[in-house]
Amino acid sequence: MITNVYSGTDNVTWSRGKHTLKAGAEFRKYIAPEQFTQYLRGDYEYTSAAGYLLDATPDYQAIRSLGRPVYYGDQIASYSYLQDTWRVRQNLTLDLGLRYEYTTVPVGMRSQELNAPASVPGLLTFAAPKASPTGFAPRVGLAFNPDRSAKTVIRAGFGLSYDVIFDNLGLNAVPPQFSTLISLDPGGSNFLKNGGITESQALVGMTPADARAATTYFIPNQTLPYALNWNLGVQRVFAKDYTLEVRYLGTRGVHLLQQLQLDRQSPVTATQDIPTYMSQPSLATLASLPLTVGGLRAKGSLLPVYANAGFSSTLTSFQPTGWSLYNGLSVQLNRRFSKDLQFQTAYTWSHNLDNSTAELASTFLTPRRAQDSTNLSAEKASSALDRRQRLSLSMIYEVPLFRKSRNWAVRNILGNWEVAPIYTYESPEYFTVLSGLDSNLNNDSASDRTIVNPGGTAGTGSGVYGLDRNGNHIAANAATAQVNTIVAYVATNSHARYIEAGPAAFATAGRNTEPTRPIDNIDVSLIKHFRLPGREGARLDIAMQAFNLLNHAQFVPGSINNAQFTSTATGGVMGYVTASSPAFNNPSFVFNSNARVVQITAKLFF
């Protein structure tokens, strides 16, 4: 992707009495062509080797995008603000501000109007999405010194800030006139022999019926995501060198983008499903069961209003239905550098709730889509970003021995040492336990969860096998025709907490219920300062840095000591979160141990 940005900025500040006013404006024009086609070569995934060897249509996922259009992220953005810093009294200052943002819809997203023939009045209108004109963001802050000293200050604030709608969402949502996504149901034969999904399956005609049948994305009018932030903090200086601060922060995310499948529903409910037993039922019980997987599958997953309108493919849309709520309380104690020592101690308790976290396939630990797009209330849970407890201790200590010696050699060889340890503890990320099957029969297996066995052993998972009315055993991922005869499932391990939900079984587990592993880490830096002769202030520093000093194996998703992105979207992560997998909840199968790393660096100051 090549992005050219042309911008102009102007800021003005003026003061009058107790007021200091600031105003500014910025204008940007983006020129951003990009060519990317998701699933260009096809994405074919099986849940068993047997399905692959028998050349069946993949039972987990069989999709391919046909066509290679150029997406244009060209758009215009403008930002302006006005802020007044008002010194109400000597010990009270108020900040009042208002910001306004307006961003046009990218050219690539506006190309949805080419798909106007697919529009259905009262249901969906495929037009160029409209930009949101309501980007007003007020901000209020105060600083108050209650005892008119420089030792105590109370700060509070409230603000609203907008996020952007990024190009990836439009890049994957081009109209079928440019590109189309083909998705096949399992059960076919000679899949790879016939070339998988081929160009011959691309859209040929362009009647309204053809357009609706080939449409796989819908882009609504822009509703900008925004966050409401509120905070209160008290800071106190004592004993000259120490500062104690207690802070509360709350954040509410509103209109966050959430990936939904608009036209899909689940025919499986708590009262209309295939039961799962902890031990094998009798033949009489099996004979009395009224439902089969095939009978529930025949009900179909397309919502009638879309099916009757002619939409037959899964219709994906990024809707502003996501939300988040964060509350955090932190305590921090600082000691400024004095008498060779500086340290900082901080503890945070927080809780982050949401109904969605990732819009795209950036992680399998928390699926990007809801299990059922018609039941978003079931998605409320602790966020993938939730870290309930965090403690950090850091220190810088300059060893005083020999540092003031008049002998240059003694001072620079035996003295001038500095040590800087850091200790971090962080609560684990939680993940969603999956069945790895299309349990609720809505044509989407990516988000389907499991059945919770309340008496099961924590952190354990189990697969299931199916039974027909004659008591024959059938694998949950067998050929569709066999699975359709199943009337009941039996857990292979009745002592497990999470039981795989076979096709047409009703999942009872929520999002993000199982913890990964916590971070418990020590890093340390040992620095040697050499004062160079002949030039005042010249210095050579040689440092040894040990990350994870104790070489404590920490199999966590991500990094233990920095914010560098670590992908958890590939590899064995799917096995880690799937209840029936041998790798379930075994982080050593999937994640890096974050083994100790030692590095030596040198810096020359002159």
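The values are calculated or read from the model by the stated rules, or taken from the named source; none is laboratory data. Everything numeric here is computed off the predicted structure, so don't read it as measured data. Reconstructed Cβ throughout: ideal geometry from the backbone, glycine too, with neighbour counts over all protein chains shown. Only protein heavy atoms, including side chains, enter the accessible area calculation; ligands, DNA and RNA are left aside. Shrake-Rupley method; radii C 1.70, N 1.55, O 1.52, S 1.80 Å.
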| task | Name the single residue, out of those in region 346-399 being outside any strand (DSSP E or B) and either among the basic types (Lys, Arg) or more than 19 Å from residue 257 (Cα to Cα) (or both), that is most open to solvent (accessible area, probe 1.4 Å). | result | 380
| remark: The lone condition residue 211 fails out of (1) aliphatic (A, V, I, L, M); (2) open to solvent by 30 Å² or more (accessible area, probe 1.4 Å); (3) out of contact with any strand residue (DSSP E or B) (no Cβ under 8 Å at 6 or more places or on another chain) is (2)
| task | Consider residue 337 carefully, then state whether it is over 25 Å from residue 129 (Cβ atoms), open to solvent by 30 Å² or more (accessible area, probe 1.4 Å) and in contact with a helix residue (DSSP H, G or I) (Cβ under 7 Å, 6 or more places away or on another chain). | result | no
| task | Scan region 518-527 and give yes if some residue there is at pLDDT 90 or above, surrounded by 16 or more Cβ atoms within 10 Å (Cβ to Cβ), among the aliphatic types (A, V, I, L, M) and in contact with a Phe, Trp or Tyr (Cβ under 6 Å, 6 or more places away or on another chain), otherwise no. | result | yes
| Does at least one position in region 458-474 carry a residue that is touching a residue at least 12 places away in the same chain (Cβ under 8 Å), of a type in the set (Ser, Thr, Tyr), in contact with a strand residue (DSSP E or B) (Cβ under 9 Å, 6 or more places away or on another chain) and part of a loop (DSSP other than H, G, I, E, B)? | no
| field | Tally of residues being out of contact with any Gly (no Cβ under 8 Å at 6 or more places or on another chain) and over 17 Å from residue 436 (Cα atoms) across region 495-523 | value | 9
| query | What residue, among those in region 99-124 that are in a strand (DSSP E or B) and touching a Ser or Thr at 6+ places or on another chain (Cβ under 9 Å), is surrounded by the most Cβ atoms within 10 Å (Cβ to Cβ)? | reply | 124
| query | Can you name the residue in region 298-334 that is of a type in the set (Phe, Trp, Tyr) and over 28 Å from residue 385 (Cβ atoms) and, of all such residues, is surrounded by the most Cβ atoms within 10 Å (Cβ to Cβ)? | reply | 311
| query | Could you say which residue among 283, 260, 244, 249 is at pLDDT 95 or above, open to solvent by less than 60 Å² (accessible area, probe 1.4 Å) and not small (Gly, Ala, Ser)? | reply | 260
| query | Would you pick out the residues in region 485-504 that are more than 19 Å from residue 287 (Cβ to Cβ) and assigned to a loop (DSSP other than H, G, I, E, B)? | reply | 492, 493, 494, 495, 500, 501, 502, 503
| task | For region 56-85, name all the residues that are assigned to a loop (DSSP other than H, G, I, E, B) and modelled with pLDDT under 85. | result | 59, 60, 67, 68, 69
| query | Which ones in region 335-360 are farther than 30 Å from residue 115 by Cα and in contact with a Phe, Trp or Tyr (Cβ under 7 Å, 6 or more places away or on another chain)? | reply | 335, 340, 341, 350, 352, 354, 355
| Is it true that residue 293 is in contact (Cβ under 8 Å) with a residue 60 or more places away in the chain, open to solvent by 50 Å² or more (accessible area, probe 1.4 Å) and of a type outside the set (Ser, Thr, Tyr)? | no
| said: Being open to solvent by 30 Å² or more (accessible area, probe 1.4 Å), at pLDDT below 95, more than 25 Å from residue 48 (Cα to Cα) and not aromatic (Phe, Trp, Tyr) is true for just one of 409, 479, 458. Which residue is that? | reply: 409
| remark: So the strands (runs of 3 or more DSSP E) completely within region 5-55 holding 2 or more residues that are surrounded by 15 or more Cβ atoms within 10 Å (Cβ to Cβ) and at positive phi are none
